[in-house]
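The values are calculated or read from the model by the stated rules, or taken from the named source; none is laboratory data. Since the model is a prediction, treat every value here as computed from it, not as a measurement. Cβ coordinates were reconstructed from backbone atoms using ideal geometry, including for glycine residues, and neighbour counts include every protein chain displayed. Please note that ligands, DNA and RNA were not included when accessible areas were found on the heavy atoms of the full protein model with its side chains. Shrake-Rupley method; radii C 1.70, N 1.55, O 1.52, S 1.80 Å.
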Amino acid sequence: MKRPLSGQSILVTRPGETGAELALMLEGLGAHVEHVAAIEIIQLPLPANVTDLTADVDFLILSSAHGLGSASHLALSLANVSVFAVGEKTAASAREQGWLVEPAHEGDGIGGLVEHLLTLDIQGKTFIWPRSTLANDEALKSLKNAGAIIRSFPAYETKNPLVDHPVDLSQQTAIVFASPSAVAHLEQVTANEVLDESRKRLRALAIGKTTAHALRERNWSHIDVAAKPSNEGLLALALEYLTSNPHG
């Protein structure tokens with residue numbers, strides 16, 4: 001059996017079952033894989049002013065499936081509030097709960113979704129966004145400028161499990177990043193001299209444009225972006241770049 005990724009050592013930072021599945025896929029193609037999640041999600045209680053936040057809402061924004069945990073406890077009408085979701089997986093989870101879901105926007109995170117929303121008639125429309133504590137409200141500033149009413153609140157906290165589970169980057173040839181937060185968390189726990197060397201040597205496999213942008217801003221040298229923001233897209237990326245350029 002051909003094992004095109006033999007000789008590669010890949011760090012997968014994508015959390016949960018999805019990350020574990022990707023690790024198995026890469027191992028099946030011959031890579032040595034270390035799976036250490038760079039993100040841990042903790043749901044937060046609803047804010048005290050939740051009644052004010054949910055009054056007369058037209059649309060729910062879900063930048064990840066984690067926002068659904070809070071959305072299901074909001075006093076919103078499933079029949080009258082439509083969902084705009086980033087990614088088909090999040091959209092599918094919302095549909096399973098009975099939400100009216102617009103076609104999912106794939107790729108480029110909340111920034112890409114905002115670009116799509118700006119092509120629609122959003123004047124006077126009210127959006128609610130249960131977001132991560134790390135999410136940047138500035139991402140929705142352009143919607144406010146276009147006349148939309150934006151209400152957001154921290155629905156889940158993103159923690160860094162790498163603090164308790166450090167990784168040895170000297171043994172890796174590539175790293176899979178599934179979010180800008182994963183990039184930030186890895187850098188937080190990496191010594192400066194190791195980080196400088198890793199940025200120059202390692203190939204960074206990014207799930208989408210937003211993650212790739214975060215890597216460029218932090219001066220990573222070898223950045224490749226998946227054509228589709230999925231495990232299949234990341235696997236295809238690894239096969240394209242780690243076999244054609246096996247030494248990074």
Exactly one of His73, His66, His35 is at pLDDT 95 or above and not charged (D, E, K, R), and that one is His35
Test: Ser77 is touching a strand residue (DSSP E or B) at 6+ places or on another chain (Cβ under 6 Å), among the hydroxyl-bearing types (Ser, Thr, Tyr), surrounded by fewer than 22 Cβ atoms within 10 Å (Cβ to Cβ) and more than 21 Å from Glu138 (Cα to Cα) = no
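Results for (1) open to solvent by 60 Å² or more (accessible area, probe 1.4 Å); (2) without any contact (Cβ under 8 Å) to a residue 12 or more places away in the chain; (3) β-branched (Val, Ile, Thr); (4) in contact with a helix residue (DSSP H, G or I) (Cβ under 6 Å, 6 or more places away or on another chain), shown as yes or no for each residue.
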site: Ala155; (1), (2), (3), (4): no, no, no, yes
site: Ala178; (1), (2), (3), (4): no, no, no, no
site: Ala182; (1), (2), (3), (4): no, no, no, no
site: Val189; (1), (2), (3), (4): no, no, yes, yes
site: Asn192; (1), (2), (3), (4): yes, yes, no, no
site: Ala214; (1), (2), (3), (4): no, no, no, yes
Of the residues in region 44-71 that are within 15 Å of Ser82 (Cβ to Cβ) and part of a loop (DSSP other than H, G, I, E, B), the one that is farthest from the chain's Cα centre (by Cα) is Asp56
Expected single match for touching a strand residue (DSSP E or B) at 6+ places or on another chain (Cβ under 9 Å), open to solvent by 50 Å² or more (accessible area, probe 1.4 Å) and within 27 Å of Ser77 (Cα to Cα) among His105, His116 is His116
The helices (runs of 4 or more DSSP H) lying wholly within region 72-152 that contain at least 2 residues that are within 22 Å of Leu215 (Cα to Cα), in contact (Cβ under 8 Å) with a residue 24 or more places away in the chain and within 16 Å of the chain's Cα centre (by Cα) are 109-117
Matching residues in region 157-176 (surrounded by fewer than 16 Cβ atoms within 10 Å (Cβ to Cβ) and hydrophobic (A, V, I, L, M, F, W, C)) number 1
Residues of region 21-32 being surrounded by fewer than 20 Cβ atoms within 10 Å (Cβ to Cβ) and touching a strand residue (DSSP E or B) at 6+ places or on another chain (Cβ under 6 Å), in sequence order, are Glu27, His32
If we ask which residues in region 124-182 are out of contact with any strand residue (DSSP E or B) (no Cβ under 6 Å at 6 or more places or on another chain), of a type in the set (Gly, Ala, Ser) and closer than 19 Å to Thr90 by Cβ, their number turns out to be 5
Sole miss for Ala94 among (1) out of contact with any Leu (no Cβ under 9 Å at 6 or more places or on another chain); (2) modelled with pLDDT of 85 or more; (3) within 23 Å of Thr18 (Cα to Cα) is condition (1)
